[in-house]
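Worksheet: one structure, shown below.
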Amino acid sequence: IPSLNALQEKYPNQLVIVGINMAEKIPAIKQFLQKTEILFTILLDSDGAVLKKWQVYVFPTSFLISPQGKIDYAVVGAVDWLQEDIIKTIESMLKANVPNHPS
């Protein structure tokens with residue numbers, strides 16, 4: 001969560017970060033969110049339907065998705081989102097997804 005918060009701060013107008021919580025009860029989620037600063041949206045997948053559809057079997061699993069809905073990058077397990085190689089990947093994706101503007 002801290003590195004996702006930092007990533008959201010680094011690219012506030014370029015990335016949309018969404019966390020999906022699976023099968024926890026709302027009171028437990030609210031209690032966690034009161035204790036933990038999270039700078040991105042958390043959604044609830046109460047029945048596991050999203051995880052099944054995305055074929056997520058390991059937690060955490062993360063995806064970087066292009067504006068066109070294509071999975072450009074996936075990570076299984078915990079990761080420091082500010083690692084140099086990941087930042088290079090993100091910046092490359094951001095450049096690739098900038099619309100062409102006529103001169």
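The values are calculated or read from the model by the stated rules, or taken from the named source; none is laboratory data. Just so it is clear, the model here is predicted, and its values are computed rather than measured. Reconstructed Cβ throughout: ideal geometry from the backbone, glycine too, with neighbour counts over all protein chains shown. Heads up: the accessible areas ignore ligands, DNA and RNA and are worked out on the full protein's heavy atoms, side chains in. Shrake-Rupley method; radii C 1.70, N 1.55, O 1.52, S 1.80 Å.
What is the distance, in nm, between label points placed 7 Å from the Cα along the Cα-to-Cβ direction at ALA74 and at TRP54?
Taking the two extended label points, one gets 1.1 nm.
How much of LYS95 can a 1.4 Å solvent probe reach, expressed as accessible area in Å² and rounded to 10?
About 150 Å², rounded to the nearest 10.
Counting GluC sites (Glu not before Pro) as exposed when in a DSSP loop with at most 16 other beta carbons within 10 Å, what is the longest stretch of the chain free of them? Write out the running numbers ahead of the final one.
Values: sites that count: GLU24, GLU37.
By the stated rule (loop sites, at most 16 other Cβ atoms within 10 Å), 38-103.
Give me the percent of accessible area attributable to carbon and sulfur for the range 1-72, probe 1.4 angstrom. Each step should come with its number before you reach the end.
Values: 3030 of 5390 Å².
Here carbon and sulfur together make up 56 percent of the probe-accessible area.
Kindly work out what percent of the DSSP beta bridges joining two residues of the chain are antiparallel, to the nearest 5. All intermediate terms of the calculation are to be shown ahead of the outcome.
Numbers: 5 of 10 bridges.
Given both bridge residues lie in the chain, the antiparallel proportion sits at roughly 50 percent.
Mind checking which lysines have their C-alpha under 30 Å from LYS35, skipping anything on the same chain fewer than 8 residues away?
LYS35 reaches LYS10, LYS25, LYS52.
Calculate the translational D of the range 11-103 in whole µm² s⁻¹ from Stokes-Einstein, where the hydrodynamic radius comes from the Kirkwood formula applied to all Cα pairs, the temperature is 10 °C and the viscosity 1.306 mPa s. Don't skip to the answer; put the middle values down first.
Working: Rh = 15.3 Å.
Translational D for this selection: 104 µm²/s.
Between LEU82 and LEU33, take the C-beta separation as r, use R0 = 30 Å, and let me know the FRET efficiency to the nearest 0.05.
Values: r = 23 Å, r/R0 = 0.75.
Rounded to the nearest 0.05, the efficiency is 0.85.
Show the residues, 5+ positions off or on another chain, whose built amide H is closer than 5 Å to the amide H of ASP45.
So ASP45 has HN proximity to ASN21, MET22, ALA23.
For the range 13-21, take each phi angle, set θ = phi - 60°, evaluate the Karplus expression 6.51 cos²θ - 1.76 cosθ + 1.60, and give the result in whole Hz per residue in order, putting x for glycine and proline.
Here the 3J(HN,Hα) series is 10, 10, 10, 10, 9, 10, x, 10, 8 Hz.
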